[in-house]
Amino acid sequence: NMYAELLTPQVVSPSTSKTLSSPPGFGGDHAKLGTARPTKQDDAQVSELKAKRAWELAIAPAKSLPMTAFMSYMTGNSLQIIPMTMAFMLLWNPIKAIFTETNALFKNLSTKDNSSTILQTKLVYVVCQLLNMAVGVYKLSNMGLIPNREADWLAWKEVVGFKESLVAW
């Protein structure tokens, strides 16, 4: 049957020809040249790599700070849904990261030799998260939602009024 011949796979044996060489990487001689053997890293190298990774994770929130400040500026200071949501997220996400993610983030990087380094990186991580939160507090202040004047706290103080006004004709 013609179809049976087409559907039957042909088993190809390796070439025994002396004129054709194997492609690079497939020859028997080439495979013998580079024998792979596992390298053993000592504990000092592993601890150093873990400390380096911990510092990268610690300053990661600070890397997003310029973009966060720019986005905060671009959303404006009016009392609308987008600026309010952004201000809320600028306060909530750092709090959530500080209390739920800090220990879990550095858990796998901790060894008995680098416990002081991990503590320092945790503190830097918390400070970077607080800087992100400070952008949110600044945004709330610009929106007028943080009571920071005397008239906000004292009932007998008058709110400062503006002498200029716009009148439509």
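Structural remarks
- Search result, residues across region 67-100 that are of a type in the set (Phe, Trp, Tyr) and surrounded by fewer than 12 Cβ atoms within 10 Å (Cβ to Cβ): PHE70, PHE99
- Test: MET143 is within 17 Å of the chain's Cα centre (by Cα) and over 27 Å from LEU49 (Cα atoms): no
- Cβ-Cβ contacts under 9 Å between residues 6 or more apart (or on different chains), taken from a first residue in region 140-169 that is surrounded by 10 or more Cβ atoms within 10 Å (Cβ to Cβ) to a second residue that is in a loop (DSSP other than H, G, I, E, B) and among the polar types (S, T, N, Q), are listed as SER141/ASN148; ASN142/ASN77; MET143/ASN77; MET143/SER78; GLY144/ASN77.
- Residue that is nearest to LYS96 (Cα to Cα) [pool: residues in region 106-126 that are under 22 Å from the mean Cα position of the chain (by Cα) and loosely packed, with under 14 Cβ neighbours inside 10 Å]: LEU123
- THR19 being modelled with pLDDT of 90 or more, β-branched (Val, Ile, Thr) and either farther than 30 Å from LYS112 by Cα or more than 29 Å from the chain's Cα centre (by Cα) (or both): no
- Count of region 63-119 residues which are part of a helix (DSSP H, G or I) and either charged (D, E, K, R) or in contact with a strand residue (DSSP E or B) (Cβ under 7 Å, 6 or more places away or on another chain) (or both): 3
The values are calculated or read from the model by the stated rules, or taken from the named source; none is laboratory data. Remember, it's a predicted structure, so these values are computed and weren't measured experimentally. Glycine gets a Cβ as well: all are built from the backbone with ideal geometry, and neighbour counts include every protein chain shown.
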